[in-house]
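Written out below as structure tokens is the structure these notes cover.
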Amino acid sequence: MSFTVAIDGPAAAGKGTIGRAVAARFGFAHLDTGLLYRAVGRRMLAGESPVAAAQGLVPEDMATPDVLRTAEVAEAASKVAVIPQVRAALLDFQRAFARRSGGAVLDGRDIGTVICPDAEVKLFVTASAAVRAERRLAELRGNGFQTDFETVLADVQARDARDAERAAAPMVAAADALTLDTSEMSVDQAVAAAIAAVDARHGA
């Protein structure tokens, strides 16, 4: 039996953390779709065209997530994600994952609107740009990257604009999505709210 949880939202809002926790709670498979675009971005930085990189993507490209979480790769991912041919190349992979037996959680920017419009549960996880920049700064420094708040905030705002304004599958909350603003939430509170939303549908 398939059961799909679609989680969308901007960078550093907490959707990945929530997605992993929901998947663990219900025994679902989890896919951070952002890693697909980061992997394509990394291959582009290595010299491939974005479309060829997307068409040739293999699971091994996502095997080292720490390497894919650098600011440079994140920037490249945001740029390749606006290319319709790249999104089309990754569409079937994501949809097949979503309907796998045993349930699946996917988090990204267009899961509830484009990839899985029929998902049983849709969440839109967001937070203020300043809060998200603080979280991203802590993550980057924790991984040994030296930067400052103003630089990270500018990057977050630029990515928000690209994600929301792109012609292909812009980031927007699905009409039937539950919005979770995690600006003032602890991780535990955000996870609990998401689990409650899934439990209401999964247990029905």
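FYI, it's all coordinate maths here, none of it is from the lab. All values reported here derive from a predicted model rather than from experimental measurement. As a convention, Cβ positions derive from the backbone with ideal geometry for all residues, glycine included, and neighbour counts pool all protein chains shown.
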Cα gyration tensor of segment 15-114, axes a ≥ b ≥ c as square roots of the eigenvalues: rounded (a/c below 1.5), prolate (a/b > b/c) or oblate?
prolate
Candidates L36, L106, L90; GNM for the chain (alpha-carbon contacts under 10 Å) flags as most fluctuating L90
Inter-label distance for F149 and A88, nm, one decimal - labels placed 7 Å from Cα along Cα-to-Cβ:
4.5 nm
Could you pull the Rg and Dmax for segment 21-75, using just the Cα atoms, both in Å?
12.6, 40
Taking every C-alpha to C-alpha distance in segment 95-183 and binning by 5 Å from 0, the per-bin percentages run 3, 13, 18, 19, 17, 14, 11, 4, 1
To the nearest 0.05, what FRET efficiency results for V67 and A138 with a Förster distance of 25 Å applied to their C-beta separation?
0.85
When the chain is modelled as a GNM with alpha-carbon springs shorter than 10 Å, which of A161, A169, A190 fluctuates the most?
A161
Mind checking the full-extension length gain between E75 and A24? Use 0.36 nm per residue of separation minus the Cα-Cα distance, one decimal, nm.
15.4 nm
In this structure, the FRET efficiency calculated for E60 and S2 from their beta-carbon separation, with R0 = 25 Å, to the nearest 0.05, is 0.45
What percent does the relative contact order of the chain come to when contacts are Cα pairs within less than 8 Å and at least six residues apart?
34 percent
Difference of contour (0.36 nm per residue) and Cα-Cα distance, A193 to D176:
4.5 nm
Quick check: the distance between the Cα centres of segment 1-72 and segment 128-171, to the nearest angstrom?
16 Å
Note the per residue figure in Å³ for the convex hull of the C-alpha positions in the chain.
113 Å³
Residues meeting the amide H criterion for K122 (H placed from the backbone, H to H distance under 5 Å, 5 or more places apart or on another chain) are A6, L178
What list of ³J(HN,Hα) values in whole Hz, one per residue of segment 14-28 in order, does the Karplus curve 6.51 cos²θ - 1.76 cosθ + 1.60 (θ = phi - 60°) give from phi, with Gly and Pro shown as x?
x, 5, x, 4, 5, x, 5, 5, 5, 4, 5, 5, 9, x, 8
Debye log10 I(q)/I(0) at q = 0.22, 0.36 Å⁻¹ for segment 130-169, Cα point scatterers
-0.67, -1.14
